[in-house]
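See below for the structure under consideration.
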Amino acid sequence: MSVGSYLEDRLDRDVNREKLTAILVFMLPGLTLFAVFSVGPMLYSAVGSLFTWDGFTIGQFAGFETWIATFQDDAIINWDNLLAFEYPMGALPQNIIWMVVHVPLSTLLGLGLALLFADLRGRSILRSMVFLAFTTPTVVIGLVLLFVYDPQAGIFNGLLRSIGLEGLVRNWVQEPQIAIYALIAGGVWVQTGFSMLLYSSALAGIDPALLESARVDGAGRFRRFKDIIWPLVKPVTAVVVIMSMIWVIRIFAIVYAAGGPSGGPGGVFSVLGLEVYQAAFSTPIEYSKAMVVALIELVIALPMAWYIASMD
Amino acid sequence: MTDTHNPDDPTDAGNEPRSDADSEPKTDGGRVYHEPPETAPISDRSPVERVRAAVPSGPRALRYAIAIGVALLWLVPLVGLFMASVRPLDQIIQGWWNFETLTVTFENYARAWTFQSGPMRQAMWNTAIVTIPSVLAVTLLGTMVAYPFARFDFPVKKWLFFLLIVVMAAPPELVAMGNYNTLRTTGLFDTYMGLILVHIGWGMGWVVMFLRNFLLGLPEELEEAARIDGASRYQIFKSIVLPYSAPALVSVAVIQFTWVWNSFFFPLVFMRSRENQLAPQVLPLMKGRLQIDWGLVAAGSVLTMIVPIVLFVTLQRYYKQGMVAAVAD
């Protein structure tokens, strides 16, 4: 080995060591907190879900016992009521119903409003008006819904009275078979602002000259939407749909504020997050059940997040 | 889009910044532009005509009406909340939209401020104490993690990427049990510090991912030039990377602030004593047992939401950009 190449090698190693030190100095503080308060607790839940728990202390290895028990738990899935499509069906089906109703509605409304506002003057103010609810605390959203549906003071019932539907006036969040849809309407109200914002930024990227020339060529509104706008906003739609689904699967404060930790009368609009909270932090403490339910939430959300991350 | 395009219609210009192309270059691709006249052309239209031209007509006017109507409709629940917060309970029960007898009072705010099972005076202060440090810390530490992540290759990079995505997808409930036990054993349970640390660790997932994507788009040439001039990696980070990422950092800080301030689940689990409660935690307590005291609930809610709303309104450019970038990448 010549002296020159030896020196070069030494230099390389020094540079590498210097680089490695720099990487560690940069990353260590942040990653330590990330490991201790995010990754660690997640592994803890994943492992803990396979054990029995005595209060907050880990016990015997139990395999998938808690997993099986959870799927037979009426609070998570009430199979009889599910087959009869009657609430309460349990937190898992209710959470899924929430997704199935909420996500398409908020996505379509968001796209509609984005198109409606797209070239209006003052669109920025209009968008902010619609988006405002998304920036308010979700617990406030839950209380606002309670207020809107109140039999006396609520504007929804006031509206029913004023159009002569006195008979329909009721406390909508206390009606077992309807309450969940009343809350979903509130969820749509909040999330439309979010999907509108994303669609608006996608629409802003469309060249107006393209639309103009299509118009000159005689393409109608529908054709212009189908052939020009839709292909360009399609990737955004995937993002909007998935982000909304993750938002819904994590929903907690809205439901807690509107119906307490039990999720309404008899848990008629309980969701997975509430069940975790109840199992882990109210007596009797069932840590393993809480971990299983939280993992179910992750299992639903992870493929979607993975899809978004690998999109480009 | 089928309506007639009026050259004077300001809507066509939108609020995009006017390009200075009409004043500066006189040639464009071989075509020669005429000098602009010395004086502005005298409008051949009367003021009335001009106003009429500016006011949209036909289908476009209809679109304005629908758009404004929808936007107002979206605000109705929040307006109701605000109205309820400044009126006495007997008037709220009659409907906040009834204006036959209107008494404006700030008594609800006074009661919320000194609410017995969690005075807002204390709760808002607590929320600020938790939010501000955890936002500043996660922004700084997140940038420090994101920088090598975007620039250098190192062994466990793929795994780190995977973990970040898992944490972004995970519900906060998944880390509650582990953190509960950690904070209990370290004596940080029910303290500001405990909740701050949980928020930092939890926010790290999306902050690092977001800033990594931003830094990937930042040209490397500047850093290389500084390196040739003999700057160390730390100097480069401090004097080039941080200043150039300022807009992204503001976006991160604004969104994270809203998130931490509004968050309900973590305080609910980790803050138990009355004097440590955060504002969002106190609100459900205000409902009371029998008749909901709407005035109190509304006043408390307005106090809590006013902070993120003011932040959003003043920094909405950053908020919106960040929101779009966070999910579009």
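Structure notes:
- Residues that are β-branched (Val, Ile, Thr) and more than 10 Å from chain A (Cβ to nearest Cβ), drawn from the range B:257-269: B:260
- Residue check for residue A:108: surrounded by fewer than 21 Cβ atoms within 10 Å (Cβ to Cβ), farther than 24 Å from residue A:264 by Cα and in contact with a Leu (Cβ under 8 Å, 6 or more places away or on another chain): no
- Residue check for residue B:148: in the same structural domain as residue B:271 (by TED's automatic domain parsing), more than 25 Å from the chain's Cα centre (by Cα) and modelled with pLDDT of 90 or more: yes
- Test: residue in the range B:177-199 that is in the same structural domain as residue B:267 (by TED's automatic domain parsing), among the β-branched types (Val, Ile, Thr), closer than 20 Å to residue A:28 by Cα and touching a residue at least 24 places away in the same chain (Cβ under 8 Å): yes
- Annotation note: of B:218, B:211, the sole residue that is touching a Ser or Thr at 6+ places or on another chain (Cβ under 8 Å), surrounded by fewer than 19 Cβ atoms within 10 Å (Cβ to Cβ) and under 15 Å from residue B:148 (Cα atoms) is B:218.
- Candidate set from the range A:251-301 (those that are hydroxyl-bearing (Ser, Thr, Tyr) and farther than 24 Å from residue A:134 by Cα); member that is farthest from the other protein chains (Cβ to nearest Cβ): A:283
- Considering the range B:92-134, and only residues there that are among the aliphatic types (A, V, I, L, M) and surrounded by fewer than 19 Cβ atoms within 10 Å (Cβ to Cβ), the residue that is nearest to residue B:292 (Cα to Cα) turns out to be B:93.
- If the condition is being within 7 Å of chain A (Cβ to nearest Cβ) and free of Cβ contacts under 8 Å to residues at least 24 places away in the same chain, then the range B:139-162 contributes B:148, B:152, B:154.
- Only listed residue being farther than 18 Å from residue B:111 by Cβ, within 12 Å of chain A (Cβ to nearest Cβ) and surrounded by 16 or more Cβ atoms within 10 Å (Cβ to Cβ), chosen from B:233, B:272: B:233
- A single entry from B:260, B:241 fulfils the requirement of being among the hydrophobic types (A, V, I, L, M, F, W, C), assigned by TED's automatic domain parsing to the domain that holds residue B:157 and under 30 Å from residue B:124 (Cβ atoms): B:260.
- Residues that are in a loop (DSSP other than H, G, I, E, B) and of a type in the set (A, V, I, L, M) were ranked within the range B:75-105; the one that is farthest from residue A:140 (Cα to Cα) is B:102.
- Of all the criteria given as (1) more than 8 Å from chain A (Cβ to nearest Cβ); (2) within 12 Å of residue B:258 (Cβ to Cβ); (3) in contact with a Ser or Thr (Cβ under 6 Å, 6 or more places away or on another chain), the one not satisfied by residue B:308 is (1).
For (1) of a type outside the set (A, V, I, L, M); (2) without any contact (Cβ under 8 Å) to a residue 24 or more places away in the chain; (3) over 17 Å from residue B:142 (Cα atoms); (4) assigned to a helix (DSSP H, G or I), each residue gets a yes or a no:
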| site | (1), (2), (3), (4) |
| --- | --- |
| B:225 | no, yes, yes, yes |
| B:243 | yes, yes, no, yes |
| B:251 | yes, no, no, yes |
| B:255 | no, no, no, yes |
| B:266 | yes, no, yes, yes |
| B:281 | yes, no, yes, yes |
| B:301 | yes, no, yes, yes |
| B:322 | yes, no, no, yes |
| B:326 | no, no, no, yes |
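The values are calculated or read from the model by the stated rules, or taken from the named source; none is laboratory data. Just so we're clear, the structure is a prediction, and the values are computed from it rather than from any experiment. Don't worry about glycine lacking a Cβ; one is built from the backbone with ideal geometry, like all the others, and counts go over all protein chains shown.
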